[in-house]
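For reference, the structure is listed below as structure tokens.
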Amino acid sequence: MNIRFTSKTAAALGACAVSMAWAVPSAAQGQVGEHWEYEAAPYLWAAGLDGTTTVGYLSVESDHGFSDLVDKIDFGFTGAFEARKGRWGILFDAIYIKLSDDVGSPRGTVDVEAVQQMYTLGGAWRALEGPTPVDLIGGLRYNYLKPTLGLGGVERGQSKDALDPYIGVRGHYPLDPRWTLVGYLDVGTFDGSDYAWQLLVGASYAWRPDRSLKFGYRQLKTKYSGERIELDTTMQGLYVGVGFRF
């Protein structure tokens with residue numbers, strides 16, 4: 001039996017299922033140094049969701065903006081870290097988000113809770129130096145999803161985790177000593193099959209040597225077909241963050 005929701009909660013559950021915030025590159029400035037340099041960057045991605053998510057017998061069709069999802073978030077954290085020395089770099093990203101709501105259905109009120117965790121670790125190599133540096137990136141992404149549905153005092157939960165490789169490219173285009181344009185593209189598998197890719201275009205403004213404001217637009221496409229979970233979704237929207245260099 002399929003129960004189809006088009007409410008805000010459907011969008012929230014779908015957003016959790018495809019990763020509310022996927023591994024934003026910290027996009028450190030393009031200079032290459034002889035010593036280790038570090039940057040920590042907490043960020044927010046104001047993403048909307050379009051597509052279909054199926055968990056067990058629950059099928060979700062969503063076409064919602066970020067404002068539809070905000071009041072469904074119980075707790076969330078997103079942050080990126082980058083270390084660089086010379087032409088080599090290490091990238092790490094951590095995401096945790098918990099969503100919940102009560103939804104009316106023909107069978108009664110359904111209690112919905114969804115937890116999403118994602119951890120990304122990758123390496124970067126400066127393939128092109130000069131005024132417009134380009135990095136080649138590759139690594140692994142670990143994704144964990146657990147939606148729980150409660151109806152009539154009975155709860156049913158389904159968890160899914162996957163460790164998948166990805167490859168990508170990132171470029172910087174400095175406009176002046178403070179402003180830098182950034183472009184990023186990566187592609188990878190999802191649980192060894194289907195695919196996931198994301199595109200990012202943005203800018204960074206360094207108002208002081210160890211502080212920068214990062215903002216732009218990102219799009220994420222995910223397609224996966226499994227035993228109990230199916231995804232065919234696109235998330236897109238503006239992001240903003242602050243970089244702390246040391």
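Throughout, read-outs are computed from the coordinates displayed, never taken from laboratory work. This structure is a prediction, so every number in the text was calculated from the model and none was measured. Positions of Cβ are generated from backbone atoms using ideal geometry, with glycine treated the same way; all protein chains shown enter the neighbour counts.
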Taking K and R as +1 and D and E as -1, what net charge do the other residues with C-beta under 13 Å from the C-beta of Arg211 add up to? +2
Running Debye on segment 168-215 with equal point scatterers at the Cα sites and no solvent, what base-10 log of I(q)/I(0) appears at q = 0.15, 0.17, 0.24 Å⁻¹? -0.50, -0.58, -0.83
When each of Lys98/Lys223; Lys98/Lys146; Lys160/Lys223 is checked by Cα-Cα distance, pairs over 18 Å: Lys98/Lys223
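By how many nm would the segment from Trp197 to Ile90 lengthen if fully extended, with 0.36 nm per residue of separation less the alpha-carbon distance? Walk me through the intermediate numbers first.
On the way: separation 107, 0.36 × 107 = 38.52 nm, distance 2.01 nm.
Fully extending the segment from Trp197 to Ile90 adds 36.5 nm.
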